[in-house]
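Here the structure comes first, spelled out in structure tokens, and everything after it is commentary.
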Amino acid sequence: EVVLNAAVDACGKGGAPDEAVKLLRGMERAYGIKPSNISYNSAISALSRAGRAREARGLLKEMASSGLKPDRVSFSAAMQGFAAAGDRKNAKSLSKEMEDSGVGMDVVSYGTAVSACGRAGDVKGALRLIEEMESAGINANVVVYNSALDACGKAGNPEAAAKILRRMTEAGVIPNVTSYTGAIAACSRCVNGSKAIEWLEIMSREGITPETICYNYAMTACGRAGDARQAAWLLRRMEEEGATPNRITYSAAMFALGKAGRLHDVLDLLTEMERKGVQAD
RNA sequence: CUGACACGCCCCC
């Protein structure tokens, strides 16, 4: 039984949702083992991960009609399929069903709902959910705030990001790299390279070492702002600071340089990536 | 043994 559940989970994580569902269906027939909540949850999660949200929700329904009681994990796993697509409506309707069926929302299910807003760039919706969870006595954690920051990133709203960073700090939640990445992404979206660089400095000062992704967003910001010098400077700077440029870094740098007409520099970078063994595409 | 967070170009916004 544990073995079969682990197998269902492994199929899901390995990107084989159909196998996961097949195993779930075969459990009773081939092994005489009734699928448990964990079996269903693993299969639901497999479908959500594959972007098949409606089928995931279908399994959730089926679970209820087959005499099992969907739990918090079942609902969050199904919600995740919609959340990943930024489908707030369906995510919300599942959270409603969750409460209606007597399964309370917890920090993870709220986190999933906030991430639906995050992907959709819906800062207001994200903040509303945070208020709601706090008034329900559930404290938002760093993941929840990060999802709200992701909304600021997608919406290109660095002011809102600054506000959320302040707010989480006041609530005793320490921002991490992902948190600052949201703020930098917001600058990138709104074409503000120098503000992005400011955030890089702020986070370093706070003792959080910027990772490659942070520089990538900052370079994209510079590129969009038409500031190829800053982008090129960031590329050198990140290496000095110990961050490793990846394929996305180079494409952001090349985008910035190309836009400024510095084609020789673009070609130089291509050579440099090859020399460093970064795969071009 | 099961659930939530971040990256380019193009497209969308």
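For this structure, a couple of remarks:
- Pairing each residue of segment A:166-187 that is within 18 Å of A:Thr220 (Cβ to Cβ) with any residue that is outside any helix (DSSP H, G or I) and within 10 Å of RNA strand B (Cβ to nearest atom), provided the two are 6+ apart or on different chains, yields C-beta distances under 7 Å for A:Val177/A:Glu211; A:Ala186/A:Gly156.
- Of all residues in segment A:84-112 being more than 8 Å from RNA strand B (Cβ to nearest atom) and under 16 Å from the mean Cα position of the chain (by Cα), the one that is surrounded by the most Cβ atoms within 10 Å (Cβ to Cβ): A:Ala91
To keep it simple, each residue is scored yes or no on (1) under 23 Å from A:Ser74 (Cα atoms); (2) outside any helix (DSSP H, G or I); (3) touching an Asp or Glu at 6+ places or on another chain (Cβ under 7 Å).
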residue	(1), (2), (3)
A:Ser109	yes, no, no
A:Gly118	yes, no, yes
A:Leu127	no, no, no
A:Glu131	no, no, no
A:Val143	yes, no, no
A:Ser147	yes, no, no
A:Ala161	no, no, no
A:Ile174	no, yes, no
A:Thr178	no, no, no
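- Counted residues, segment A:51-83 - those being among the small types (Gly, Ala, Ser), surrounded by fewer than 18 Cβ atoms within 10 Å (Cβ to Cβ) and at negative phi: 4
- Residue check for A:Val3: surrounded by 22 or more Cβ atoms within 10 Å (Cβ to Cβ) and either within 11 Å of RNA strand B (Cβ to nearest atom) or within 24 Å of the chain's Cα centre (by Cα) (or both): no
- The residues in segment A:48-79 that are within 8 Å of RNA strand B (Cβ to nearest atom), part of a helix (DSSP H, G or I), closer than 20 Å to A:Glu99 by Cα and not aliphatic (A, V, I, L, M) can be counted, and the count is 4.
- Restricting segment A:23-47 to residues that are assigned to a helix (DSSP H, G or I) and more than 18 Å from A:Ser74 (Cα to Cα), the residue that is farthest from RNA strand B (Cβ to nearest atom): A:Arg29
- In summary, helices (runs of 4 or more DSSP H) completely within segment A:182-276 and bearing 3 or more residues that are out of contact with any helix residue (DSSP H, G or I) (no Cβ under 6 Å at 6 or more places or on another chain) and surrounded by fewer than 18 Cβ atoms within 10 Å (Cβ to Cβ) occur at A:193-205, A:228-240, A:263-276.
- Note on segment A:156-183: residues that are over 16 Å from the mean Cα position of the chain (by Cα) and either farther than 15 Å from A:Ala196 by Cβ or at pLDDT below 95 (or both) amount to 12.
The values are calculated or read from the model by the stated rules, or taken from the named source; none is laboratory data. As the structure is a prediction and not an experimental result, all values here were calculated from the model. Don't worry about glycine lacking a Cβ; one is built from the backbone with ideal geometry, like all the others, and counts go over all protein chains shown.
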